[in-house]
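Written out below as structure tokens is the structure these notes cover.
Read-outs throughout are calculated quantities, based only on the coordinates presented, and are distinct from any laboratory measurement. Just so we're clear, the structure is a prediction, and the values are computed from it rather than from any experiment. FYI the Cβ positions are ideal-geometry reconstructions off the backbone, even for glycines, and counts take in every protein chain you see.
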Amino acid sequence: MARYLITGGAGFIGSNFVRYVFEREPGAYIRVLDKLTYSGNLNNLKDFRRKSNFEFIKGDICDEAIVRRAMKNIHVVVNFAAEVAVDRSINAPEEFLQTDIFGVYRLLTEARRQTQLKKLVQISTDEVYGHIHEGSFTELSSLNPRNPYAASKLGGDRLAFSFYETFGVPVVISRASNNYGPWAYPEKVIPLFITNLMDDLPVPLYGKGAQIRDWLFVEDHCAAILLLIQKGKNGEVYNVGGEQECTNLELTNMILKAMGKDQGLIKFVQDRPGHDFRYSLDCRKLRSLGWRPKKSLEEGLLKTIRWYEASEDWWRPLKKKMERRYVTGFWGEKK
Ligand SMILES: NC(=O)c1ccc[n+]([C@@H]2O[C@H](COP(=O)([O-])OP(=O)(O)OC[C@H]3O[C@@H](n4cnc5c(N)ncnc54)[C@H](O)[C@@H]3O)[C@@H](O)[C@H]2O)c1
């Protein structure tokens, strides 16, 4: 049976991935290493904590001794651990450089020592390409990150590649578009809007809501990662897109409609500086391995809304702690 180390496994995508693997490989051994930053949450893993084939280690991927302990006897590492919020990276970039670059370096360095290791998947992002007005990015497109989060992620992405080229570490890199689904920290746009609307609060939309995003249901992302562990070629990059593009205004209207709420609840707020206009991925390379996104945006949104409606115990305490600007207004806005 495979032995996995999931770093950042107490976060949104990481915890969904742990669930996804256990559903398919109940006998697998899964170890999670997570620093439990503001977005890491042990409640996300509560269903597994009593399993004898599950282990949780609280710690930082930048810490050499912890990483050594965590990677011992592991066959597959999937690195989700990262600082991820673009707005936070604009306000305080340093932590992003530390975890998203140096932390990846620590994992890769330890991976060189662990001869039993078969695969290390570095979870990167479509934001490393920058934005595109027409057409879609392929894995060979130029890389032009436009905010500190994206630039830091690119550092980790290329470091991983360099450790494959230089030292033969069995690395595969995935670049995914915007994920959504259950267990997402409520500062992210979709859960923020759903939970605001559940309380009849306004939803703060950047600029005119004209930016275009591609939405990937988190389970489709998990399926892609598992496939890359099995079939991804070492040293290669794979785009993972939901192939469901829409403007932020269209997305907001879909959520409003699905929840039976009025458009008057949209509050247009000052745009984010350097706001990427559009992301779009060409996913033919991953499709050639047999993957395709299964959830339409409509279906995925409904599933996500139902989950938040049924999970108030989970998100209300988190939202209470969130900074006010993430709830009612956005950064840069003077009041
Ligand atoms: N959410 C998206 O739409 C999206 C899209 C593409 C790629 N990604 C990538 O997927 C990964 C997971 O994103 P997410 O949305 O689940 O984020 P998240 O913030 O929910 O999860 C990140 C997890 O990493 C942990 N962490 C942070 N710093 C750490 C450190 N130094 N050591 C150990 N653990 C640490 C946090 O505690 C948290 O549990 C990230 O690498 C992100 O760049 C996310």
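Of the complete DSSP H runs in the chain, those spanning 20 angstrom or more by Cα along the long axis with a mean Kyte-Doolittle score not below -0.5 are 148-167. Could you tell me what percent of the DSSP beta bridges with both partners in the chain are antiparallel, to the nearest 5? So the antiparallel bridges in the chain amount to around 10 percent.
Sequentially through segment 129-139, phi angles give Karplus couplings (6.51, -1.76, 1.60; θ = phi - 60°) of 7, x, 10, 9, 7, 9, x, 9, 6, 9, 5 Hz, Gly and Pro residues having no value and appearing as x. Between rounded, prolate and oblate, where does segment 149-253 land on the alpha carbon gyration tensor, with a ≥ b ≥ c its root eigenvalues, rounded for a/c under 1.5, else prolate if a/b exceeds b/c? It is prolate, given that a/c is not under 1.5 and a/b is the larger ratio. Work through the residues other than Val169 whose Cβ is under 15 Å from its Cβ and net out their charges, Lys, Arg +1 and Asp, Glu -1. That works out to +3.
In plain terms, the bigger the Kirkwood radius, the slower the diffusion; for segment 230-326, with that radius from Cα pairs, at 37 °C and 0.692 mPa s, Stokes-Einstein puts D at 193 µm²/s. Close amide H pairs (under 5 Å, H built 1.01 Å from N) link Val269 with Leu205, Tyr206, Gly207, residues at least 5 positions away or on another chain.
Which of Pro170, Gln122, Ala224 sits closest to the plus end of the dipole of segment 116-234, meaning its Cα is farthest towards the positive end, when Lys and Arg get +1 and Asp and Glu get -1 on the C-beta? With unit charges placed on the Cβ atoms, the residue in question is Pro170. Label-to-label distance for Glu94 and Ser52 is 4.7 nm, based on points extended 7 Å past Cα in the beta-carbon direction. Distance between the C-alpha centres of segment 1-74 and segment 121-174: 24 Å, rounded to the whole angstrom. Pairs of Lys residues in segment 88-224 that lie 8 or more places apart, or on two chains, and have C-alpha atoms under 27 angstrom apart add up to 4.
With a ≥ b ≥ c taken as the square roots of the eigenvalues of the C-alpha gyration tensor of segment 41-189, please select rounded if a/c is under 1.5 and otherwise prolate if a/b is larger than b/c or oblate if it is not? Here segment 41-189 falls in the oblate category. For segment 127-233, GluC sites (Glu not before Pro) meeting the loop criterion (DSSP other than H, G, I, E, B) and having at most 16 other Cβ atoms within 10 Å: Glu134. Across all directions, the shadow cast by the convex hull of the chain built on its C-alpha atoms averages 15.8 square nanometres. Kirkwood hydrodynamic radius computed over segment 1-95 comes to 13.6 Å, based on all pairs of distinct alpha carbons. Summing Cβ point charges (Lys, Arg +1; Asp, Glu -1) relative to the Cα centre of the chain gives a dipole of roughly 860 debye.
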